[in-house]
Amino acid sequence: EVSRILSGIYDALAQSWIRLAEQELGPAPCIYTWVCFGSQARQDMLPGADQDNALLLEKEPVDEVGEYFRQFASIVCEGLANSGQTLCPGNVMATNPQLRLSLKGWSQRFAGMLNTPDPQALLDSCIYFDCRLVAGSQGLFNALQQDILARTPNQALFLYHLAKNALSHQPPLGFFKHFLLEHDGQHRRGLDLKKRGSSLINDLMRVHALAHGITAVSTRERLEMLKQQKVLSASQAQDLLAAYEILAELRWQIQGEALTQHATVSNLLDPAGLDLMRRHQLKDSFAVIGQEQKVLQLRYCREV
């Protein structure tokens, strides 16, 4: 619930900066949609989340249209940074000209990913498949979403590579259910609850959702719709949701403590600090993820 509220706050901040940009630059020269990606789109943000956004335009971003939205994106992204949502280190922002495209341009970009999926390029662009409208034209956004979802279910090669990417990391659990610790950039040892935990569930649900034309972006909503369509059994969905919530609670806990201590926000957990029940719950959560990765491999990673 707190993640949903936090996502709503950042939505509202973006909408405010968009209004300020229009006041400064004048009315937009064409219909547009401001979209967000990743955790903000899924509404599972945590305090450490940065910006992931883009512009979808009715017209091609050339001449005066291109210049208007260049300035527009700069005002909004810099405004969000000044409001506490840090700039994306990977440049997944509307200030990147490759992320200010017309409907035709975005459709061609997604078609290229679907028709000739390069594994590394697809890994870098997975974030674009978790996309949600923040402001602007709902009709323009719906047109793009419908175009994407109409293409994905029958793209066996694309789903194969997307599933392979989802299986590129495993949960940090050894053969005898012991934790496998890793080092972060500050030489601390622990469990990365994002990279080796909640992100793996997001990846699993994204593959299933795109394979079955599901419009939901939130991982929780995707789980529910996959259960309704009997892609996942009720017990699978229940176990995955429980694992997802345990990981989210632990991530909030360690990030909240970091903020209180004015320390760097991290997703790294030292399991030695957990009580026995929490340790068992965390191990069970990682085991659920591992089992569902095997299911994904059987469904989508056969010869194509």
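The values are calculated or read from the model by the stated rules, or taken from the named source; none is laboratory data. Computed from a prediction, not measured in an experiment: that's the story for all the values here. Note that we place each Cβ from the backbone using ideal geometry, even for glycine, and neighbour counts take in every protein chain shown. In case anyone asks, the SASA skips ligands and DNA or RNA and just uses the protein heavy atoms, side chains included. Shrake-Rupley method; radii C 1.70, N 1.55, O 1.52, S 1.80 Å.
Sort the following peptides by mean Cβ neighbour count (other Cβ atoms within 10 Å, averaged over residues), highest first: 168-180, 45-57, 3-15. List each step's numbers first, then the result.
On the way: 168-180: 13.6, 45-57: 21.7, 3-15: 17.1.
Packing proxy ranking, top to bottom: 45-57, 3-15, 168-180.
Among 115, 190, 168, which residue has its Cα furthest toward the positive end of the charge dipole of region 97-220, with +1 on Lys/Arg Cβ and -1 on Asp/Glu Cβ?
So the residue we want is 190.
Given R₀ = 41 Å, what would the calculated FRET efficiency be for residue 284 paired with residue 67, taking r from the Cβ atoms and rounding to 0.05?
Values: r = 55 Å, r/R0 = 1.33.
Using R0 = 41 Å, I get an efficiency of 0.15.
Counting only other residues whose beta carbon sits under 14 Å from that of residue 78, what net charge do I get with K and R as +1, D and E as -1? Kindly include the intermediate steps, with their values, before the conclusion.
Details: positive: 70; negative: 24, 50.
The answer is -1.
Residues of the chain: accessible area per residue at 1.4 Å, in Å²?
Working: 14620 Å² over 304 residues.
Ligands and nucleic acids excluded, the result is 48 Å² per residue.
Can you pick out the pairs among 177/227; 164/294; 194/283; 227/283; 164/195 whose Cα atoms lie more than 18 Å from each other? Each step should come with its number before you reach the end.
Working: 177/227 28 Å; 164/294 11 Å; 194/283 15 Å; 227/283 24 Å; 164/195 16 Å.
Pairs exceeding 18 Å: 177/227; 227/283.
Just how large is the dipole of the chain about the Cα centre, in debye to the nearest 20, putting +1 at every Lys and Arg Cβ and -1 at every Asp and Glu Cβ?
Working: 29 positive and 32 negative charges, 202 e Å.
Using Cβ point charges on Lys, Arg, Asp and Glu, the chain gives about 980 debye.
At what distance in nm do the modelled label points of residue 30 and residue 169 sit from each other, each positioned 7 Å from its Cα along Cα→Cβ?
Modelled inter-label distance: 3.7 nm.
If you count only protein heavy atoms and use a 1.4 Å probe, how large is the accessible surface of residue 292, to the nearest 10 Å²?
Solvent-accessible area, nearest 10 Å²: 20 Å².
Could you pull out every residue, at least 5 positions away or on a different chain, whose amide H is within less than 5 Å of the one on residue 134? Hs are placed 1.01 Å off N in the peptide plane, and Pro or chain starts have none.
Under 5 Å from the amide H of residue 134: 34, 35, 36.
Check residue 173: other-chain or 5+ apart residues with amide H under 5 Å from its amide H, H built from backbone geometry?
Residues meeting the criterion, in which the H sits 1.01 Å from N, are 180.
What do you reckon, how do 265, 35 stack up by accessible area (1.4 Å probe), largest on top? Working shown, then result.
Working: 265 50, 35 10 Å².
Reading off the accessible areas and sorting them downward yields 265, 35.
May I ask you to give the percent of accessible area on the chain that is carbon plus sulfur, with a probe radius of 1.4 Å?
Numbers: 7620 of 14620 Å².
Reported share for carbon and sulfur atoms: 52 percent.
For the pair residue 297 and residue 147, how long in nm is the line joining their label points, each one 7 Å along Cα→Cβ?
Going from the residue 297 label point to the residue 147 one covers 3.7 nm.
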